1. How many of the residues in the range 17-69 are outside any helix (DSSP H, G or I) and under 16 Å from the mean Cα position of the chain (by Cα)?
2. Check whether at least one residue in the range 338-353 is under 18 Å from V292 (Cα atoms) and either without any contact (Cβ under 8 Å) to a residue 60 or more places away in the chain or small (G, A, S) (or both), and report yes or no.
3. Does the range 363-407 hold any residues that are assigned to a helix (DSSP H, G or I) and among the aromatic types (F, W, Y), and which are they?
4. Quick test for you: out of V142, V149, pick the one residue that is crowded, with 24+ Cβ neighbours inside 10 Å and either touching a Cys at 6+ places or on another chain (Cβ under 9 Å) or of a type in the set (D, E) (or both).
5. List the residue pairs whose Cβ atoms are under 6 Å apart, where the first residue sits in the range 131-146 and is more than 9 Å from L277 (Cβ to Cβ), the second is assigned to a loop (DSSP other than H, G, I, E, B), and the two are 6 or more positions apart or on different chains.
6. Against the definition (surrounded by 23 or more Cβ atoms within 10 Å (Cβ to Cβ), within 16 Å of the chain's Cα centre (by Cα) and more than 19 Å from I388 (Cβ to Cβ)), how does Q327 come out, yes or no?
7. Considering the range 375-399 alone, what residues qualify as being surrounded by 14 or more Cβ atoms within 10 Å (Cβ to Cβ) and either at pLDDT below 95 or not aliphatic (A, V, I, L, M) (or both)?
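The values are calculated or read from the model by the stated rules, or taken from the named source; none is laboratory data. All figures in this text were calculated on a predicted structure; none of them were measured in a lab. Cβ placement follows ideal geometry from the backbone for every residue including glycine, while neighbour counts extend to all protein chains displayed.
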Amino acid sequence: MISFKMVSTLIANQSLVFLCITTALMTTGQGIAVPMVPLFADTFGITAAKIGLAVSAFGLARFITNIPAAFISDRMGRRSVLIGGPVIAAVGNTLSGYTTSLVPLLFFRFIAGVGSATFITGGIAFISDISKMENRARMMSVFQVSFLVGISIGPVLGGVIAELFGIRAPFLAIGVVSILSALCTFFWVPETRVLLTNEAKTESVAARNAHSLFKGYGFLFKKDLLLISLAFAGTFFTRGGAFFTLLPLKGSRTLDMSEGQVGGFLTLPSVFSLFMLPFAGIFSDKYGRKTVIVPGISLFAVSLFVLGVSVDWIVFGIGVILYGIAQGLEGPAPVAYVSDVSDVDKQAVAQSFVRSMGDLSLFAAPPIMGLMTDLFSIDITLHANAIIMLSIAMIFLVFAREPITKQTNT
């Protein structure tokens, strides 16, 4: 759902429009991969834990790539990573579809993850460049709407392509849309790294002269960033373990869905996130980041409990819809929170550090939850994930600082 304020934000920021177009193309490819990777790996006749490895290779690559991509973005500009990322992703995803065993699939999914992390790092830094504290969550929500447009289209598109042309064909489609994203960025998206003010640049030089590199980035280990890193870690753990790995397997193995039906159900979260994002961004800018972060994490826990007790398509559908609402609620506020509590000249590094904590969880969750599934069941594993998310929500509620003040909003 597109609000009036979101439309006015787009009209006032043409460069944001272009970024959103390229992001939608890039994330269409990621959306295609969501149900297809576990279903494709399942054709190898391997355990759920090994299927989890195929998913986690993507997260490992993102974890390793985030901070180097941020330094490249800060030194060479945002366009360098916004163009390079999709090209790398196109290579990794296309070659994934030609594998016949687990090991080469792991390697090429790792390459795809490098491309994804490179692009996302540049996109978030781009938004930080052109936004201010009072409109940052709204601009992040616009960016995330474009992200979710692609994620929404991708799963059902991948399912249809798989049913028509075979399980390998969706990976070629990912390569095509990734190259289109790179081309659109090359021709349309401007460089925003130069938008840092002279004052910020002066402060940056002074900081480098006064402190060592470790001291200059010591803010990364302060309480605010560590707590929001925990929130990212929980969300990414759920995304990688539950959404990317267990839900496609539950749909296929337990509920006897086809590839197209699994893709259709896994599109629902993104559709409902699209409805929530505009309101979440506006609410976060007006009333504070914690007012949406804590309910969002808590609702993830509720959705996982529902999915864990689902025995038919209806309850399963309710669970994925609740997951989508939670995703939309939490969407822009955590990213805006990171920008709010970080130094102005270190936005890309701060964002990539926090995302790296999330991507470490994205890497760890699929094999861990796959192994738990092999030992116990999908449902018990989903319930354990729910308890983790509820605990994180309580920790953030009690200990995290709210960076938005009444003075900021007036």
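1. Initial filter on the range 17-69 (outside any helix (DSSP H, G or I)): 43-47.
Pick out the ones that are also under 16 Å from the mean Cα position of the chain (by Cα) and you get none.
Here the count works out to 0.
2. At the first step, the residues of the range 338-353 found to be under 18 Å from V292 (Cα atoms) are 338-341.
Narrowing further to those that are either without any contact (Cβ under 8 Å) to a residue 60 or more places away in the chain or small (G, A, S) (or both): 339.
Yes, there is a match, as at least one residue in the range 338-353 is under 18 Å from V292 (Cα atoms) and either without any contact (Cβ under 8 Å) to a residue 60 or more places away in the chain or small (G, A, S) (or both).
3. Restricting attention to the range 363-407, the residues satisfying the condition of being assigned to a helix (DSSP H, G or I) are 363-375, 378-399, 406-407.
Hits for the range 363-407 are F363, F396, F399.
4. Working: V149 fails: crowded, with 24+ Cβ neighbours inside 10 Å.
Criteria check complete, one pass: V142.
5. Once the first residue is more than 9 Å from L277 (Cβ to Cβ) and sits in the range 131-146, its partners that are assigned to a loop (DSSP other than H, G, I, E, B) give M139/S131.
6. Working: surrounded by 23 or more Cβ atoms within 10 Å (Cβ to Cβ): yes; within 16 Å of the chain's Cα centre (by Cα): yes; more than 19 Å from I388 (Cβ to Cβ): no.
When the stated conditions are applied, Q327 does not pass them.
7. S377, D379, T381, H383, N385, S391, F396
Listed here are the residues, each with its yes/no results for (1) out of contact with any helix residue (DSSP H, G or I) (no Cβ under 6 Å at 6 or more places or on another chain); (2) at pLDDT 90 or above.
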{"site": "V315", "(1), (2)": "yes, yes"}
{"site": "Y323", "(1), (2)": "no, yes"}
{"site": "A326", "(1), (2)": "no, yes"}
{"site": "D345", "(1), (2)": "no, no"}
{"site": "M369", "(1), (2)": "no, yes"}
